[in-house]
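Data first, discussion second: the structure below is written as structure tokens.
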Amino acid sequence: MQMYKIAVIPGDGTGPEVTVEAVKVLKTAADKFNFKVELTEFDFGGERYMRTGETLPDSAVEELRKFDSILLGAIGHPDVAPGILEKGILLKARFELDQYINLRPVKLYPGVDCPLKDKGPEEIDYVVVRENTGGIYTGTGGISMKGTPNEVAVQSAVYNRFQVDRCLKYAFEYAQKHGKKARGKGDENTLALCGKTNVLTYLYDLWERAFNEMGEKDYPDIRRDYYHVDATCMWMVKNPEWFDVIVTGNMFGDIITDLGAITQGGMGIAAGGNINPEGVSMFEPIGGSAPKYTGQGVINPLAAICSVQMMLETLGEDSAGAKIEDVVKFITANKLKGLGAGQMGYSTNEVGDMVAKIIAD
Ligand code: IPM
Ligand code: MN
């Protein structure tokens, strides 16, 4: 029987509450679909940092490499200055484990309230492939003459061709396998590059040339679109049905996926995968630690549960992943009043139980 070693990092705030439900669903899916999971929990997060001064030590990174996958709850603590935990844990894991893809589906499930007029599950059904190890996130830059009136701050968006090419390759392959044509939802698979070639004339010139070269040479059947990032935001609201697979740099990907998340019902449902196609990947609800809701049992665990779905699909457990998605759809369509914290009509734990029970039956 296939066995997967999974590292679990519940993290901060509501992270642990949603992780409990995600793990519940993971274990149930394993029983039902005949694979085994061996879970190892790690306590990285704000509490540990305040106790020990440690974020994610190098030795932990080495340990994490030995797992088949990582499940992350949330990182971010109100008593720790912004940036310390985010950089020290989340970004460090992404960078050190070379999880160069951040895969973020934007999918509106049935029964979910959508803030966009006249848009439903048919229209909101695409995926963002966000580059996850480069760009502004590399921390290249600095401050000089700090504290003086002449102080200068520089933060550079850095990409090399290798990083851009490997991200584009993943995106083209993804479009080929999971694009609208591949899913029987349209007559072509489309990859759209989201950039800003009119202003970032070095950075997105590199991306656009690489995009067109690779597309022309290796993926001639995939339709290529290009949108500036500002226009992308506009069309994500006005005509989300235009999108199939979007590929973009790290910072634009960060920004447009929050917009995408709100169009699919918010942070209660939005999941993402930090993927190293050749190594260990890490799956997380993208919503953050929501400290004000901690311990109340009101936060929606579906985003964490959907991140388990993505984990299983990445591990090759496709039927288990598909089952979780079906059950989530059933629950949004028939059970939950809303997806927001305190608006589900059920507690965090009841939603997790409900998903697990339907999978087990
Ligand atoms: C995300 C988050 C992170 C990011 C933060 C917490 C560093 O916003 O996963 O989208 O910017 O990538
Ligand atoms: Mn973000």
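The values are calculated or read from the model by the stated rules, or taken from the named source; none is laboratory data. Everything quoted here is computed from the prediction, not taken from an experiment. Note that each Cβ is placed from the backbone with ideal geometry, even for glycine, and that neighbours are counted across all protein chains shown. All accessible areas refer to the heavy atoms of the entire protein, side chains included, with ligands and DNA or RNA removed. Shrake-Rupley method; radii C 1.70, N 1.55, O 1.52, S 1.80 Å.
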With n ≥ 4 as the cut-off for DSSP H runs, can you work out [θ] at 222 nm for the chain, using -39500 (n - 2.57) per run divided by the number of residues, rounded to the nearest 500? -12000 deg cm²/dmol
Of the convex hull drawn through the C-alpha atoms of the chain, the volume per residue in Å³ is 150
Quickly rank 34-46, 248-260 as a protection proxy: mean count of other C-beta atoms within 10 Å, highest first. 248-260, 34-46
Name all residues of the range 245-264 having a backbone nitrogen under 16 Å from the label point set 7 Å from the Cα of K185 along its Cα→Cβ direction, giving them as ranges. 245-247, 260-264
Computed over the Cα atoms, what is the radius of gyration of the range 249-291 divided by 2.2 N^0.38 Å, N being its residue count? 1.25
Correct semi-axes for the range 149-276, from √(5λ) of the alpha-carbon gyration tensor and rounded to whole Å with the largest first, are 25, 20, 14
Rg/Rh (Cα only; Kirkwood hydrodynamic radius) as it applies to the range 180-219: 1.12
Could you work out what % of the accessible surface of the chain is carbon and sulfur, using a 1.4 angstrom probe and leaving DNA, RNA and ligands out of the count? 51
With the calculation restricted to Cα positions, what are the radius of gyration and Dmax of the range 1-42 in angstrom? 11.0, 35
Decide, for the range 223-361, between rounded, prolate and oblate: order the square roots of the alpha carbon gyration tensor eigenvalues as a ≥ b ≥ c, take rounded if a/c falls under 1.5, and otherwise choose prolate if a/b is larger than b/c, else oblate. prolate
How many angstrom lie between the Cα centre of the range 1-66 and the Cα centre of the range 120-169? 27
Each label point is 7 Å from the Cα along the Cα-to-Cβ direction; what then is the distance between the points at R209 and M251, in nm? 2.1
Which value, in Å² rounded to 10, gives the accessible area of E216 with a 1.4 Å probe and all protein chains present? 130
Just read off the accessible area of T148 with the full protein assembly in place, 1.4 Å probe, to the nearest 10 Å². 60
Just the Cα atoms of the range 104-220: what Rg and Dmax do they give in Å? 18.8, 60
Probe of 1.4 angstrom, ligands and nucleic acids ignored: what's the accessible area per residue over the chain, in square angstrom? 44
Beta bridges by DSSP in the chain, antiparallel share as percent, to the nearest 5: 40
Out of every Cα-Cα pair in the range 1-77, what percent are more than 14 Å apart? 63
Can you give the relative contact order of the range 205-361 as a percent, counting alpha carbon pairs under 8 Å and 6+ residues apart? 17
Yeah, the range 152-216 with a ≥ b ≥ c from its alpha-carbon gyration tensor (a/c under 1.5 is rounded, else prolate when a/b outruns b/c, oblate otherwise) is prolate
Report Rg/Rh for the range 43-132, rounded to two decimals, where Rg is the Cα radius of gyration and Rh the Kirkwood radius. 1.11
